[in-house]
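Beneath this line is the structure, given in structure tokens, with notes to follow.
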Amino acid sequence: ENCKWVATDGSSLSYSFDDKGAVFAIFYKDDGIYCLEQEGWITSDGILAPKHDAAHVHWGGKWRIPTRQELDDLVKKCDWTWKKVNGAQGYVVRGRGVYASNSIFLPCSGRGEDAAFYSPGLCGYYWSSNPESDGNIYSWRLSFDSNDRETSYCDCFIGLSVRPVQGFAK
């Protein structure tokens, strides 16, 4: 299994996903919390600004991290089939109706916490581009295992995967 984390700049140094890391530090200034919008991290629409969107920074063009609404739609408006594809366990997610010919595979990517890697092959975790609310350290994510799938929020310093999408968020 490939448990190597890669930053948006393409580097693959050793990372520690904890509340003392650099990612966490961006949310605090002195004893107050940054307002993410005022500091340019999110747009007035409440999604990551392109310069802070890992998918856009790494791939360019119209690539971006999906919104919470798009992840909610995957959970509620698509059919999910647990499957192994090219040796990786995860879900084939297929649209319904006119979108029935469209599908994606979401592997069980695991997550990084502190200096450890948890649940690869058992659970999948994918970031959305929406913080839980302005100015705090939580962001929305898609999470799943073989029995359940949901959108929820978690600490921004946890190492989760990004599943890039193209186009403009609605």
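The requirement of being modelled with pLDDT of 90 or more and either outside any helix (DSSP H, G or I) or open to solvent by 40 Å² or more (accessible area, probe 1.4 Å) (or both) is not satisfied by Lys51.
A count restricted to the stretch 83-109 and to residues that are touching a Phe, Trp or Tyr at 6+ places or on another chain (Cβ under 6 Å), among the hydrophobic types (A, V, I, L, M, F, W, C) and in contact (Cβ under 8 Å) with a residue 24 or more places away in the chain stands at 1. Condition check for Lys76 on (1) exposed (fewer than 15 other Cβ atoms within 10 Å of the Cβ); (2) touching a strand residue (DSSP E or B) at 6+ places or on another chain (Cβ under 7 Å); (3) not hydroxyl-bearing (Ser, Thr, Tyr): one failure, at (2). Checking each residue in the stretch 147-159 for being modelled with pLDDT of 90 or more and either touching a helix residue (DSSP H, G or I) at 6+ places or on another chain (Cβ under 7 Å) or assigned to a loop (DSSP other than H, G, I, E, B) (or both) picks out Asn147, Asp148, Arg149, Glu150, Thr151.
Residue-level analysis places Ser133 outside the set of residues that are in a strand (DSSP E or B) and not charged (D, E, K, R). Restricting attention to the stretch 54-68, does a residue exist that is aliphatic (A, V, I, L, M), open to solvent by 60 Å² or more (accessible area, probe 1.4 Å) and part of a helix (DSSP H, G or I)? So far as the stretch 54-68 goes, yes, one or more of its residues are aliphatic (A, V, I, L, M), open to solvent by 60 Å² or more (accessible area, probe 1.4 Å) and part of a helix (DSSP H, G or I). When the residues of the stretch 110-129 are filtered to those that are touching a residue at least 60 places away in the same chain (Cβ under 8 Å), open to solvent by less than 50 Å² (accessible area, probe 1.4 Å) and in a loop (DSSP other than H, G, I, E, B), the one that is nearest to Gln89 (Cα to Cα) is Gly121. Is it the case that Ser139 is part of a strand (DSSP E or B), free of Cβ contacts under 8 Å to residues at least 24 places away in the same chain, open to solvent by less than 30 Å² (accessible area, probe 1.4 Å) and within 15 Å of Ala54 (Cβ to Cβ)? Here the answer is yes, as Ser139 does meet what is asked.
The values are calculated or read from the model by the stated rules, or taken from the named source; none is laboratory data. None of these values were measured; they are calculated from a predicted model. Note that we place each Cβ from the backbone using ideal geometry, even for glycine, and neighbour counts take in every protein chain shown. Each accessible area value is taken on the protein alone, full model and side chains, heavy atoms only, with ligands, DNA and RNA left out. Shrake-Rupley method; radii C 1.70, N 1.55, O 1.52, S 1.80 Å.
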